[in-house]
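Below is one structure, written out as structure tokens; comments come after it.
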Amino acid sequence: MISFELSEQQNQIKEMTHWFAENEIRPMALEADRLGKVPDDWLHQVNQMGIQLNTSSFGGGGKSSGKRKKEREGNRMGVLATEEMAWGDPAVTLSLPGAGLGGPPIESSGTAEQKERFLSIFTTDKPRWGAYALTEPEAGSDASGVRTTARKVDGGYILNGQKIFITNGGRASWLVVFATVDPKLGRAGQRAFVVEKGTPGFSCTKLVKKMGLRANETAELLLEDCYVRTENLLGGEELYETSGSKPSGFQVAMKTFDSTRPIVASMAIGIARAAYEYTLDIVKKEYPKQGNYFHLASEILAEAEQDIQAARLLTWEAAWMADHGIANAKEAAMCKAYAGQIALDVCAKSLELLGPTGLEGHLVEKLYRDVKVFDIFEGTNEVQHLVIARRQYAPYDIRV
Ligand SMILES: Cc1cc2nc3c(=O)[nH]c(=O)nc-3n(C[C@H](O)[C@H](O)[C@H](O)COP(=O)(O)OP(=O)(O)OC[C@H]3O[C@@H](n4cnc5c(N)ncnc54)[C@H](O)[C@@H]3O)c2cc1C
């Protein structure tokens with residue numbers, strides 16, 4: 001049975017991150033959106049306070065082996081903290097220094113030496129970022145379609161290809177980059193490499209202008225005859241031996257989602273809550289004088305609260321399973337799909353209720369633009385439904 005009661009430590013992290021979100025993140029959210037960046041001095045300051053976006057600082061990602069492991073709290077801590085921070089502002093949260101989405105693949109598949117080398121750089125002296133580079137022009141939802149090549153040479157690999165939509169990709173100190181040693185091998189041919197900033201042949205070609213999350217950097221990257229030493233092959237050569245159940249780079253990428261999808265879902269919930277709370281406050285003050293409109297607004301806001309709580313419980317369940325070492329790919333997909341969908345709906349309805357109060361330059365208008373991508377990245381809703389359907393039909397040996 002899952003307990004709904006938060007432990008003392010869980011309550012503490014929730015309260016601390018809420019305080020930070022309310023006092024440090026929210027006050028600069030609209031200005032960061034207008035500027036299209038989070039000011040460097042602010043990032044320096046929060047980094048010195050030890051505030052980073054590192055799943056390892058919450059205790060690491062989930063296992064999908066199905067076997068029970070010693071209980072951890074990291075995934076639950078992670079979803080509690082990111083809901084609060086995204087309530088403050090999602091773009092600022094994604095811009096916080098730390099390993100970000102690059103952390104989970106290193107934690108789950110890196111060698112001890114790689115974990116030490118790449119995860120220990122996130123200290124308080126200077127803000128640093130990690131990134132996760134899977135998406136390409138021809139490989140988004142279908143991660144098995146990766147076309148970036150990795151040609152084995154003496155002592156390493158030569159990478160060639162293009163990556164798009166990479167969060168914090170331009171400023172990252174290192175990126176987990178997915179490539180194929182042979183496109184004909186499909187998933188089995190995929191490998192994950194850690195490419196360090198400054199490696200010859202690796203460059204950031206463009207920072208993308210977006211509808212939402214404008215303050216957060218999204219980059220396009222190019223790998224042109226980029227030589228990467230074998231020491232940077234994630235997990236080492238032995239991880240990719242094809243015999244038995246050894247994973248390919250594809251599985252490294254998929255395993256990451258088991259812990260990152262609940263985190264992304266919790267961010268969508270934080271955004272929905274921010275829009276809902278703001279609108280509720282206005283409705284309480286303004287609408288009672290307006291008869292029927294008040295009833296209509298109350299019904300919309302009651303549904304919003306119900307949806308937010310349902311999404312939160314799905315998310316907590318997926319995080320709880322990851323903490324207990326229980327396979328959670330289906331639950332991670334469910335919470336991600338549901339939270340992304342209801343968050344979009346809550347923001348749209350909040351905007352409708354606010355009317356002219358919700359025009360450009362207003363918090364809820366910004367949240368409405370920001371929330372759209374939450375049903376796209378980390379897998380679109382259609383892809384989450386495919387993940388769920390595959391598990392529904394698995395006992396019947398039907399392939400979806
Ligand atoms: C702001 C932002 C940040 C991002 N950050 C990162 C990052 O840090 N690292 C990274 O690697 N990527 C990142 N991405 C990329 C993101 O993960 C992809 O955009 C996403 O996976 C969808 O891929 P796509 O855009 O190529 O769409 P496509 O795969 O081309 O999909 C287009 C449409 O077709 C649907 N579709 C596709 N296949 C199927 C199917 N089999 N069945 C039913 N419907 C299907 C999709 O649901 C979608 O509606 C980011 C994207 C954005 C917008």
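FYI, it's all coordinate maths here, none of it is from the lab. Since we're looking at a predicted model, the values are computed, not measured. Here the Cβ is made from the backbone with ideal geometry for all residues, glycine too, and neighbour counts use every protein chain on show.
Put the Cα centre of the stretch 18-32 next to the Cα centre of the stretch 363-400 and the gap is 29 Å. Using alpha carbon centroids, what distance separates the stretch 204-238 and the stretch 273-322, in Å? Spelled out, the Cα-based centre of one part sits 38 Å from the other. Each 10 Å bin from zero up to the one holding the largest Cα-Cα distance in the chain carries the following percent of pairs: 5, 23, 33, 25, 11, 3, 1, 0. Extension gain, Glu15-Leu313: 0.36 nm per intervening residue step, less the Cα-Cα distance, totals 105.4 nm.
Mean sequence separation of contacting Cα pairs (under 8 Å, at least six apart), scaled by the length of the chain, corresponds to a relative contact order of 19 percent.
The GluC sites (Glu not before Pro) of the stretch 229-329 that DSSP puts in a loop, and whose beta carbon has at most 11 other beta carbons within 10 Å, are Glu241.
Working ranking of peptides 115-123, 264-272 by packing, defined as the average number of other Cβ atoms within 10 Å per residue, highest first, is 264-272, 115-123.
Grab the other residues whose beta carbon is less than 13 angstrom from that of Gly340, score K and R as +1, D and E as -1, and report the net.
-3
When the charge dipole of the stretch 83-188 is built from unit charges on Cβ atoms (+1 for Lys and Arg, -1 for Asp and Glu) and taken about the Cα centre, the candidate among Ala179, Ser144, Gly156 whose Cα reaches farthest toward its positive end is Gly156.
Stretching Glu113 away from Thr205 to a fully extended chain increases their span by 30.1 nm, per 0.36 nm per residue minus the current alpha-carbon distance. Fully extending the segment from Glu238 to Ala394 would add 53.2 nm, taking 0.36 nm per residue of separation and subtracting the current Cα-Cα distance. Distances between placed amide hydrogens fall under 5 Å for Gly98 paired with Leu53, Arg128, Trp129, Gly130, all partners being 5 or more residues away or on another chain. In a reduced charge model with +1 at each Lys and Arg Cβ and -1 at each Asp and Glu Cβ, the stretch 249-396 shows a dipole moment near 260 debye about its Cα centre.
With Kirkwood's inverse mean 1/r over C-alpha pairs for Rh, give me the Rg to Rh ratio of the stretch 248-382, two decimals please.
Working: Rg = 16.8 Å, Rh = 15.6 Å.
Result: Rg/Rh = 1.07.
At 222 nm, what value in deg cm²/dmol follows for the chain if DSSP H runs of at least 4 each add -39500 (n - 2.57) and the sum is divided by all its residues, to the nearest 500?
Taking each H run of at least 4 residues, the total per residue is -15500 deg cm²/dmol.
Of the DSSP H helices in the chain, those that are both long (alpha-carbon extent of 24 Å or more along the helix axis) and hydrophobic (Kyte-Doolittle mean at least 0.5) are 329-354.
Comparing Ala318, Ile300, Ala333 along the charge dipole axis of the stretch 270-335, the residue lying farthest to the positive side is Ile300, per the Cβ-charge model.
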